[in-house]
2 protein chains.
Amino acid sequence: MDELDSEIIRLLQTDARQSNRELARKLGVAPSTCLERVRALTRRGVIRGYHADIDPAALNRQTQALVSVQVRPLSREVITRFERSAAAMPEVLSVFVLAGGDDFLLHVAVRDMDQLHAFLLDRLSQRREITGFKTSMVFQQMRNAVPSRLD
Amino acid sequence: MDELDSEIIRLLQTDARQSNRELARKLGVAPSTCLERVRALTRRGVIRGYHADIDPAALNRQTQALVSVQVRPLSREVITRFERSAAAMPEVLSVFVLAGGDDFLLHVAVRDMDQLHAFLLDRLSQRREITGFKTSMVFQQMRNAVPSRLD
DNA sequence: AATGAAAAGAGTGATCT
DNA sequence: AGATCACTCTTTTCATT
């Protein structure tokens, strides 16, 4: 991970679809050098993939919420099972497994309040391992798509 | 937003770097058709960008936390100002503006516990509008990189 | 709106420094 | 490791349906 690798990562986080040539030009190296670096980063698992960022409205997901969830018993099995099921729910964008007051936080995005209500009742309330959950509505989200490398 | 647009979105969420030809082949349309669709989606703001997904370890961010924050007074000005400053902090990946118990949730990723501690003390404790915050450590996160279009 | 063909540009691997 | 070159494939534009 030298300076060149860091720059490649930064540029691909900013725009994953720019050509290898453009990348090379911005870095002041030959395209073949740049290509080999990108391949090495991918092979080493540093670059995990490339994803289009889509407006939630176009996906019919204008209503977002954060749902904190407690489960019992706090066994590895229960946690793993809940984590996997939650991640597989189409309404769920992201699952955080936490230490502290809550056990999980679910980032949920759906069409409207009705669909959110249905999610809470049909997907969460029914589960026997859940001992409680609390919903906060998301007014707005700002994401940093290009996190820098920290010292 | 017909079936073809939805499929383009799905494929570009899965792999933003596949060539336009490959996209066209998978969809069974001509490359030029596909290209025009992608451009229209971009023009309409449906596609907001393309980002490489980078292993947090390679960015020196192996320690993650969710920090819920309360601010006062709850005025538009205070909220907007805090939201912007938080989003600009290099430690912060994401800022959620919430309704309910807490006012904000910050998703923070740093090198280690020392850096997290420093973040809480230097970036948050100092701010006069913050009346309280609570930190939960993140053990694990699962993200759905390809959210589907809901009905 | 979609297609097909042609020009311009990019990806890729061999080879050399 | 990085650069250059040559070959192939892709992107992009535009005339046509």
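See the values below:
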| read-out | value |
| --- | --- |
| Charge-dipole axis of chain B as Lys and Arg at +1 and Asp and Glu at -1 on Cβ define it, positive-most pick from B:V92, B:L35, B:P73 | B:L35 |
| Whichever lysines have a C-alpha closer than 26 Å to that of B:K134, once near sequence neighbours (fewer than 8 apart) are set aside | A:K134 |
| Projected-area mean, chain A, by convex hull of Cα positions, square nanometres | 11.6 nm² |
| Exam field: B:R39 pseudo-label spacings to other copies (7 Å along Cα-Cβ), nanometres | 3.2 |
| Average Cα contact separation per residue, segment B:3-43, under 8 Å, 6 or more apart, as relative contact order % | 37 percent |
| Nearest-ten-degree value, helix A:3-14 long axis tilted from longest Cα axis of chain A | 50 degrees |
| Spatial extent of segment B:56-137: Rg and Dmax, with the Cα atoms as the point set, Å | 12.3, 39 |
| Segment A:11-151, relative contact order in percent, only Cα pairs under 8 angstrom and at least six apart counted | 27 percent |
| Whichever lysines have a C-alpha closer than 24 Å to that of A:K26, once near sequence neighbours (fewer than 8 apart) are set aside | none |
| Inter-label distance, nm, simple model (7 Å from Cα along the C-beta direction), A:Q62/B:R72 | 3.5 nm |
| Neighbourhood net charge (12 Å Cβ-Cβ; Lys/Arg +1, Asp/Glu -1) for A:R127 | +2 |
| Using a 7 Å Cα-to-Cβ projection, A:A57 label spacings across copies, nm, ascending | 4.0 |
| Spin-label pair A:M142/B:H117, simplified geometry with 7 Å Cα→Cβ offset, distance in nm | 2.9 nm |
| Test item: A:101-111 mean partner chain Cβ contacts at 10 Å | 3 |
| Average Cα contact separation per residue, segment A:56-137, under 8 Å, 6 or more apart, as relative contact order % | 46 percent |
| Debye, to nearest 20: dipole size of segment A:56-137, +1 on Lys, Arg Cβ, -1 on Asp, Glu Cβ | 140 debye |
| Relative frequency of Cα-Cα separations exceeding 28 Å in the protein assembly as shown, percent | 46 percent |
| Convex hull per residue volume in Å³, alpha carbons only, for segment A:3-43 | 59 Å³ |
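Just so you know, all these numbers are worked out from the coordinates, no wet-lab data involved. Please read these numbers as outputs of a predicted model, since none were measured by experiment. All Cβ positions, even for glycine, are placed from backbone atoms using ideal geometry, and neighbour counts span all protein chains on display.
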